[in-house]
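Written below as structure tokens is the structure these notes are about.
The values are calculated or read from the model by the stated rules, or taken from the named source; none is laboratory data. Being a predicted model, the structure only gives us computed values, none of them experimental. Here the Cβ positions follow ideal geometry from the backbone for every residue, glycine too, while neighbour counts run over all protein chains shown. These area figures cover heavy atoms from the full protein model, side chains too; ligands, DNA and RNA do not enter into them. Shrake-Rupley method; radii C 1.70, N 1.55, O 1.52, S 1.80 Å.
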Amino acid sequence: MTSVVSSDAASTVASSAAELLARHKQVMPSWLALYYDEPIELVRGEGTRVWDSAGNEYLDFFGGIVTTISGHAVEKLVNVLAEQAAKITHTSTLYLIRPMVELAERLTGMAPVQMPAKAFFVGSGTEAVEAALLFATTMRRSNEVIALRNSYHGRSFGAIGVTGNKSWSASSFSPLNVSYALGPYCYRCPLHLSYPSCGVACAEDVRNVIETTTTGEPAAMIAEPIQGVGGFITPPPDYFTAVKGILDEYGIPLIIDEVQTGFGRTGEAFWGAEGYNVTPDAIVCAKGLGNGMAIGAVVGRSEMIDSLRANSISTFGGNPLASTWALANLDNIRDNDLQGNAKRVGAYLFKGLQALKEKHEIVGDVRGKGLMVGIELVKDKQSKEPNVKAAGHVMETCKQRGVLVGKGGTYGNVLRLAPPLIITEDEAQRAIDALDAGFAAAKGA
């Protein structure tokens, strides 16, 4: 980590950061978590790097929670944003919006959903999940939804209702009747089985859930291809094909939550669903679509999207500014083959992390795809007891060495790596080295 300010100036900025933290605590919700013992204020970004208010430079290896997919301050995107802002920033869906229509055409043409398809734009991933649930429950005339344990789908009322993780379930109340199926968490299999000899028994549990906890006609099942906040839980290759086969038997739609997996992050495919060879009825996306811009979308078969029987609008969804930016971002991902880079550099990163797993007793599991990698920390490999303290120690060590990583998992013991898809192997090695030091320092935590 490098600093571009004098020691006196750094002391002044540190004092300013402490003051900002005090103000934050005074006016922001107590449940709004901040990373690090001494939280930092990020004030500038460029490519894969960010700088805090003290002038310290960091390698951004979490991408604003799996969001900054194309990198910070991409010149092409900045120029497009400025040009559009100089024209018009907002009109609402009561008027025709050319870039919104163009973005809908682009997404419906590339999304792996049943055709014909339509798109509806909103302001975030949470709102996209809410819209998808509204469409499915309206079309099916049912409020029953199947979700997965250990899942996360957002912070709003309905999204919390389908979130199978108590750490993120702020309320037991829900507008939905939700049944939770076993999650495909191979490292901590709830059935105490091993893949592949298990026969993907967790997938078969979906059938049991349908037959024992629902009327047999749920509105939909919603699932993430890789569980993000849950700790980058990566299902076996045949999990979703088995699940989709069961759902098809009962005529139940599948909604795939691509908020974290979409737009080439997994390397092997542009969409997480494609990596499992399934065609859902609808997908929800956000984060990578906007590369930091507030935008989300539901892309699904027309029958589902058109199911509403009342008036509805999206005041901010698909606004000219966000839609123009998202179109330019999709062009940038394609033109620079960021998916290909995610696959290549992701393989390099994964190999390096696997070596660290063999080296350090506290590294229990390394999983993921492309540049979406989770590292589960344990007390020891035999007991697999979650090591929450170690996760905190490693994060602090990485920060001191100029690398920012994320954290998640059911127990808060999983490090999450999700850098911009433009990173190089040298930068991946820098992260590996920082983690290596962090694991060594956290030994015995």
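Some notes on this structure:
- Breaking point among (1) more than 27 Å from Pro39 (Cβ to Cβ); (2) not in a loop (DSSP other than H, G, I, E, B), for Gly374: (1)
- The combined condition, being of a type in the set (D, E, K, R) and either more than 30 Å from Leu321 (Cα to Cα) or in contact with a Phe, Trp or Tyr (Cβ under 7 Å, 6 or more places away or on another chain) (or both), is not fulfilled by Arg265.
- Flag for Leu94 being over 30 Å from Pro190 (Cα atoms), touching a residue at least 40 places away in the same chain (Cβ under 8 Å) and open to solvent by 10 Å² or more (accessible area, probe 1.4 Å): yes
- Looking only at segment 141-171, and only at residues there that are surrounded by fewer than 24 Cβ atoms within 10 Å (Cβ to Cβ) and among the hydroxyl-bearing types (Ser, Thr, Tyr), the one that is nearest to the chain's Cα centre (by Cα): Ser151
- Listed by first and then second residue, the pairs linking a residue in segment 232-243 that is touching a residue at least 60 places away in the same chain (Cβ under 8 Å) to a residue that is of a type in the set (Phe, Trp, Tyr) and in a loop (DSSP other than H, G, I, E, B), with Cβ atoms under 9 Å apart and 6 or more places separating them unless they lie on different chains, are Ile233/Tyr185.
- Any hit, segment 61-76, residues being aromatic (Phe, Trp, Tyr) and either within 28 Å of Glu427 (Cβ to Cβ) or in contact with a Gly (Cβ under 9 Å, 6 or more places away or on another chain) (or both): yes
- The condition of being in contact with an Asp or Glu (Cβ under 9 Å, 6 or more places away or on another chain), open to solvent by less than 10 Å² (accessible area, probe 1.4 Å) and on the phi > 0 side of the Ramachandran plot does not hold for Gly374.
- Of all residues in segment 281-290, those satisfying the criterion of being open to solvent by less than 40 Å² (accessible area, probe 1.4 Å) and under 18 Å from the mean Cα position of the chain (by Cα) are Ala282, Ile283, Val284, Cys285, Ala286, Gly288, Leu289, Gly290.
- When the residues of segment 291-303 are filtered to those that are over 15 Å from the mean Cα position of the chain (by Cα) and crowded, with 24+ Cβ neighbours inside 10 Å, the one that is farthest from Leu330 (Cα to Cα) is Gly300.
- Residue in segment 402-416 that is modelled with pLDDT of 95 or more, more than 22 Å from Ser167 (Cα to Cα) and in a loop (DSSP other than H, G, I, E, B) present: yes
- Extreme residue, farthest from the chain's Cα centre (by Cα), among residues of segment 309-327 that are aliphatic (A, V, I, L, M) and farther than 22 Å from Gly154 by Cα: Ala310
- Filter result for Phe263 (in a loop (DSSP other than H, G, I, E, B), farther than 16 Å from Pro218 by Cβ and either at pLDDT below 95 or hydrophobic (A, V, I, L, M, F, W, C) (or both)): yes
- Some residue of segment 259-271 being among the charged types (D, E, K, R) and open to solvent by less than 10 Å² (accessible area, probe 1.4 Å): yes
- Just so you know, in segment 210-245 the residues that are open to solvent by 10 Å² or more (accessible area, probe 1.4 Å) and outside any loop (DSSP other than H, G, I, E, B) include one that is nearest to Ile283 (Cα to Cα), and it is Lys244.
- Looking only at segment 345-370, and only at residues there that are basic (Lys, Arg) and free of Cβ contacts under 8 Å to residues at least 60 places away in the same chain, the one that is least open to solvent (accessible area, probe 1.4 Å): Lys357
- Checking each residue of segment 405-413 against the condition of being open to solvent by 20 Å² or more (accessible area, probe 1.4 Å) and free of Cβ contacts under 8 Å to residues at least 60 places away in the same chain gives at least one match.
- Note on segment 377-399: among residues that are of a type in the set (A, V, I, L, M) and outside any strand (DSSP E or B), the one that is most open to solvent (accessible area, probe 1.4 Å) is Val388.
- On the stretch given as segment 322-343, residues that are open to solvent by 40 Å² or more (accessible area, probe 1.4 Å), in contact (Cβ under 8 Å) with a residue 12 or more places away in the chain and part of a helix (DSSP H, G or I) total 2.
- Of residues in segment 414-445 being among the aliphatic types (A, V, I, L, M) and open to solvent by 50 Å² or more (accessible area, probe 1.4 Å), the one nearest to Gly364 (Cα to Cα): Ala440
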